[in-house]
Amino acid sequence: MAKQTHTVNSAAKGRHPAPSTRQVGQTTKIRGKKSNKAPSHRSDVRSDRGGHRQPPKKKRHLLLKWILGILATLIVAAIGCFAYLYLTTEIVPPEKQALAQKTTVYFADGTTPIGTYANQDREIIDCAVLPQYVGNSIVASENRSFYNDSGIDLKGIGRALFNNVTKGTRQGGSTITQQYAERYYLGETTTYKGKLREAILALKISQTESKDKVLCNYMNTIYFGRGAYGIEAAAQNYFGKNAKDLTLSEAAMLSGIIPAPTTWDPAVSPKQAESRFHRVLGIMEEDHYISHADKTKASMPQTIDYSPRNVYQGPNGYLLRMVRNELTEGKKAPFTADDLDTGGYKIITTIEKDKQDLMFQVASPSTGDKDLPPTLQTGGLSVNPRDGSIIALYAGDDYLVKQLNNVDQATFQVGSTMKAYTLLGAIQEGVSLNTVFNGNSPRTFSSVGKSVANAGQVSYGYINLYSAFANSVNTVFMDLGEHVTSQKTAQLAHTAGITGKIDDTTTFDTLGLDALTVYDATQGYATLANGGKKPELHLVSQVKDSKDQELYTAAIKGDQVFNQDQIALLQKAMTSTVQYGTGSYARSLGRPIAGKTGTANDETAISFIGFTPSVLTTFAVWNQGEDGSALKVPEVYQNQFYPVRLFTQYMKGALGDSPVEKFPNAVDKGKIGGPDGTWGTGGGRSNYTPRSYEQAVPSQTPTPEAKKDESSSTGSGSDDEKTPAQGGSTDTGSEGGQEGQTTQSNSPPATGQ
């Protein structure tokens, strides 16, 4: 047995004894343990540590080889990548790159410019004409080791990397060569990939160009503030002279403010500018560029007044700002602001120049109604509802004078334009628009616990929903809103595309007490004008690069959010506003127009949104005091309903002699009294037959007659509607300024009918 044990132990030491010939059933003792199992050849050669299993030491060697192999591969790949980037990085002459950086925005024709981004005041000069102290002052200020370094500051890059990782900032640690590469060629690189390319370019520049050439290119491209890129433009904008005529003091002052030229401009921060001035002179003396006597004689220079040439000046400034916002804002923005400033793009908008000029002519107090009170603000927006393209807009006269955009920033109470969504809600519920409601004024409503009056306290009697919408009868729509619910009205408005806040906790939302922008209100109505298919309003058609390659095209497809037949019925009701209601002034256009007027509860704003199948235009007017407070719109503008007049004037020119478009035929399949017979005065099913005056050819002349109150009547159905000849209102201002307004303490009590 001992021999058997020895045999196995010998195997553990690496010896290979002869195979065992013991028979099954023999007992083999291994290290004092018994086994009744017959030994096999495998048993004979297995040691207590695993036999032929790989020793741990060999495994560690194999792992080390793998690690070294991977590291070697990565190093080779890095070297190859660096070599590729180095060889493919082009050093572009400053004058060639300067021309390629300007992005231009065009009207829809693609050839007429609206303006440019990054309007650089730059003139490339031969630095040989400059006094030597000009370049030396910049070296003293920005990179004292410039003439001795390799073009890359590894310590600065390391410091910037550390700060970026630990503080979440984006810093650079750049030499003059790196700044030249960064700020000029690569557009203010801030990413790690950008910094790598910057370093490679800086290295290549340093190895292929002389220090004097690098410094000259830097001086021709660096930003000095006041819109000046390069030393020549800086000399002109700060001192009114050529760069070759700069004094030592002037050169030192300009060099000192390079890190923050806008903030350290002597006209903005004189103490900081002077401190930087003395710092530059001190370094120049230390580095033997100037003598102590030169430093002593130098004094802080006086700069000239500067009037900026701003690309946003005038009405086109609003267009440029809106284009920039559309392309750069939001998580899915296709471009960054830096892209637009440095990309050299060609941006083609949807703005038609002739329509834009017409819009300005109509809406601007400088060219239109010159007697308009200075506190009255106007916003105008015209779009193609079929694809959402913006045709023209009026946001203000001069962006530099007033940055608040009257189209997409300023808000106003939209008033009864919200009634369209409540009426749509009734149509969706299966209510016939021939359902009769009590249009008397005032009436008390349990949903708000208050009495509500019609404009001018007019009682319209019992009228159907066509007539109630045409004349913007508040008491009918408060009644209708209680059935539809405030939540439904708000939900439909948001589904149509309105993004602004709408209070859905009160039935007053049908009277439009919430403030929206012209843009928001127009987006909602564009869906109603487009058969229930929601277009996305947009200002940019496409963006191309400097080689005319397409980079971006606006998506014009929309979602069908409402039933087409139901929208057709709503459009039919909306034409009544112009045919015989509050927007009748627009009948002079001689073509079918659908729309709705709106007046703020406190009479601080009035508006009109009207459309044909292919052109929708919104005009809103509000009164804003010098302190920003809301003021009542002068009564004369309310009585003539000024926005309808602006709309008519603009649309007459915009539509011209284009073919007359008709709205789709609509059939009212709803039930009078609603599905449960509780809407309005109740009733049975009926198909509504339009009255003759609703189908009549529109008048070719405006009809702004004085307002006539409709007499009360107690019939039912369409028999209660009054034609203009029968006493119905034809005044464009019949809404007055009291839509949705609760009655005052001296008002008569609600009738409760």
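The values are calculated or read from the model by the stated rules, or taken from the named source; none is laboratory data. Treat the numbers as computed from the prediction; the structure is a model and nothing was measured. Please note: Cβ atoms are built from the backbone with ideal geometry, for glycine as well, and neighbour counts cover all protein chains shown.
The table that follows gives values for the structure above.
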read-out: When residues of the stretch 365-423 are limited to those that are within 15 Å of Asn316 (Cα to Cα) and of a type in the set (Val, Ile, Thr), the one surrounded by the fewest Cβ atoms within 10 Å (Cβ to Cβ); value: Val401
read-out: Residues located in the stretch 624-671, provided they are of a type in the set (Asp, Glu), over 30 Å from Thr375 (Cβ atoms) and in contact (Cβ under 8 Å) with a residue 40 or more places away in the chain; value: Glu661, Asp668
read-out: Sole exception among (1) in contact with a Ser or Thr (Cβ under 8 Å, 6 or more places away or on another chain); (2) in the same structural domain as Gly677 (by TED's automatic domain parsing); (3) acidic (Asp, Glu) for Asp397, by number; value: (2)
read-out: Some residue of the stretch 292-300 being exposed (fewer than 15 other Cβ atoms within 10 Å of the Cβ) and closer than 28 Å to Tyr117 by Cα; value: no
read-out: Residues of the stretch 644-666 satisfying the condition of being of a type in the set (Phe, Trp, Tyr) and outside any helix (DSSP H, G or I); value: Phe663
read-out: Residue among Thr349, Thr263, Thr303 that is over 26 Å from Glu536 (Cα atoms) and in contact (Cβ under 8 Å) with a residue 40 or more places away in the chain; value: Thr303
read-out: Out of Ser174, Ser137, sole residue that is modelled with pLDDT of 90 or more and either in a strand (DSSP E or B) or surrounded by 16 or more Cβ atoms within 10 Å (Cβ to Cβ) (or both); value: Ser137
read-out: Selection count where residues are in a strand (DSSP E or B) and of a type outside the set (Ser, Thr, Tyr), scope the stretch 535-566; value: 9
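Per-residue answers, yes or no, for (1) modelled with pLDDT of 95 or more; (2) charged (D, E, K, R):
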site: Glu661; (1), (2): yes, yes
site: Asn665; (1), (2): yes, no
site: Trp679; (1), (2): yes, no
site: Arg685; (1), (2): no, yes
site: Pro698; (1), (2): no, no
site: Ala706; (1), (2): no, no
site: Ser716; (1), (2): no, no
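Residues are listed down the side, and each one gets a yes or a no for (1) farther than 21 Å from Met322 by Cβ; (2) of a type in the set (A, V, I, L, M); (3) buried (at least 18 other Cβ atoms within 10 Å of the Cβ):
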residue: Ala526; (1), (2), (3): no, yes, yes
residue: Leu551; (1), (2), (3): no, yes, no
residue: Gln560; (1), (2), (3): yes, no, no
residue: Asn563; (1), (2), (3): yes, no, no
